[in-house]
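Quick notes on the structure that follows.
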Amino acid sequence: MKAQVFRGVNQLSYEDIPVPTVAADEVLVQVQVVGLCQSDIKKILYPLYEPPRIFGHETAGTIVSVGAEVQGWQVGQRVAVMHHIPCMRCGYCMNDNFSMCDTYKNICTTAGFAPSGGGFAEYVKVPGHIVRNGGLIPIPDRVSFEEASFVEPTNCCLKAVKKAQIAPGQTVLITGAGPIGLMFIMLVKYFGAKAYATDLLPSRIEKAISVGAEAAFDARDANLPAKIHALTDGMGVDVTILAVPSDKAFFQALDCTRKGGKILFFAEFPDQIEIPINPNILYRREIDLMGSYSSSYRLQNLAADIVFNRRIDVQALISDRYPLQDLTAAVQRAIAPTEETYKILIYP
């Protein structure tokens, strides 16, 4: 089969490799579409993992092989694939910190080499633990593979929305109106809150409005805090979600978030960035800082419901489609987006 193999920093090799062999408790899925995620891009561009590996984890496809011990799944079924499933027994899982679970981190779907998602290949193998514990989600007939590939990123954003306890009537500032920021706008609106957004690209500022933001601003606007306060009765927003890894965005968040509000880090910052902060700002204003990483098993059914029943319009996020052989070009497009670049999908 064809696969894009990570051979080193910024080195992808389009190769023929063996189709994964399926054990008795495993399932093989033919990948129909896989989303290109910012985390995939970081893994390709920076020395975070030893090669060789096959990345890609926002996967939707068709079951083509089922191990002899597998129950409840048949060849031909259309599925969204969750590449991690927690153990549900460890101390992290007992506290709903599923993404910290060792099983979650270490058992992963694979197309070969060290298990790393495997979606950037024609076929991906789903380990028995993931098959048995809800890692395959059946796709309704009315739902496209493209839509189904959004279940995993929707879960990740939904986890952040729930962690920040965003509720009807609240106000939320989302820094960055790329594909993730736009999804946050949709989810915030779906849960009854008002979304405001920032970005550097005029087209993304307009796009933020089109998908449901009450207002959107140039992130370089020196008057942004005053404008946000004017929209929130002089208080500031209840929650700010940092959907871009920018220290400037963080300091804007401090200026735009109300006393007693929350600032949630969603984007992963480069390791060398350090943000100096006077702790009295948090103490006196009672600002909560929090982080949200990856998905939540607890929200898997809700994420699927939101996507499959089109409670948000994930198709409005799709801007580019590339065949698997052009993954390098897709990564370059994501790094240097045009005015109209949002979510990029890959087709093995």
Exercise. Please verify whether the range 323-336 includes one or more residues that are open to solvent by less than 40 Å² (accessible area, probe 1.4 Å), among the β-branched types (Val, Ile, Thr) and either under 15 Å from the mean Cα position of the chain (by Cα) or closer than 19 Å to residue 155 by Cβ (or both).
Key: no
Quiz item: In the range 206-219, which residues are part of a loop (DSSP other than H, G, I, E, B) and in contact with a Phe, Trp or Tyr (Cβ under 8 Å, 6 or more places away or on another chain)?
Solution: 213, 214
Quiz item: When only residues in the range 218-272 that are surrounded by 19 or more Cβ atoms within 10 Å (Cβ to Cβ) and among the charged types (D, E, K, R) count, which is farthest from residue 185 (Cα to Cα)?
Solution: 258
Quiz prompt | Count of residues meeting criterion [touching a Lys or Arg at 6+ places or on another chain (Cβ under 9 Å) and charged (D, E, K, R)] in the range 311-348 | solution = 3
Exercise. Only residues that are open to solvent by 10 Å² or more (accessible area, probe 1.4 Å) and farther than 22 Å from residue 37 by Cβ: list them for the range 163-192, please.
Key: 165, 166, 167, 168, 169, 170, 171, 189, 191, 192
Quiz item: Would it be correct to say that residue 137 is within 20 Å of the chain's Cα centre (by Cα) and crowded, with 23+ Cβ neighbours inside 10 Å?
Solution: no
Quiz item: How many residues are assigned to a strand (DSSP E or B) and surrounded by 14 or more Cβ atoms within 10 Å (Cβ to Cβ) if we restrict to the range 1-10?
Solution: 5
Exercise. Go through 145, 150 for me and flag whichever is farther than 30 Å from residue 227 by Cα, crowded, with 24+ Cβ neighbours inside 10 Å and at pLDDT 95 or above.
Key: 150
Exercise. Would you please list the contacts, defined by Cβ atoms under 8 Å and residues six or more apart or on different chains, that run from a residue in the range 244-260 that is free of Cβ contacts under 8 Å to residues at least 40 places away in the same chain and more than 12 Å from residue 174 (Cβ to Cβ) to a residue that is assigned to a helix (DSSP H, G or I) and open to solvent by 50 Å² or more (accessible area, probe 1.4 Å)?
Key: 254/281; 259/285; 260/285
Self-check item: Flag if residue 33 is at pLDDT 95 or above, more than 21 Å from residue 321 (Cα to Cα), aliphatic (A, V, I, L, M) and touching a strand residue (DSSP E or B) at 6+ places or on another chain (Cβ under 7 Å)
Solution: no
Exercise. Tell me, yes or no, whether the range 98-112 has at least one residue that is assigned to a loop (DSSP other than H, G, I, E, B), hydroxyl-bearing (Ser, Thr, Tyr), within 30 Å of residue 344 (Cα to Cα) and touching a strand residue (DSSP E or B) at 6+ places or on another chain (Cβ under 7 Å).
Key: yes
Practice problem: State which residue pairs qualify: first residue within 14 Å of residue 312 (Cβ to Cβ) and inside the range 159-184, second residue at pLDDT below 95 and in a helix (DSSP H, G or I) in any location, beta carbons under 9 Å apart, and separation of 6 or more residues or different chains. | Solution: 179/38; 180/38
Quiz item: Is it the case that the range 34-56 has a residue that's within 24 Å of residue 243 (Cβ to Cβ) and among the basic types (Lys, Arg)?
Solution: yes
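The values are calculated or read from the model by the stated rules, or taken from the named source; none is laboratory data. All figures in this text were calculated on a predicted structure; none of them were measured in a lab. Don't worry about glycine lacking a Cβ; one is built from the backbone with ideal geometry, like all the others, and counts go over all protein chains shown. Accessible surface areas use protein heavy atoms only, side chains included; no ligands, DNA or RNA. Shrake-Rupley method; radii C 1.70, N 1.55, O 1.52, S 1.80 Å.
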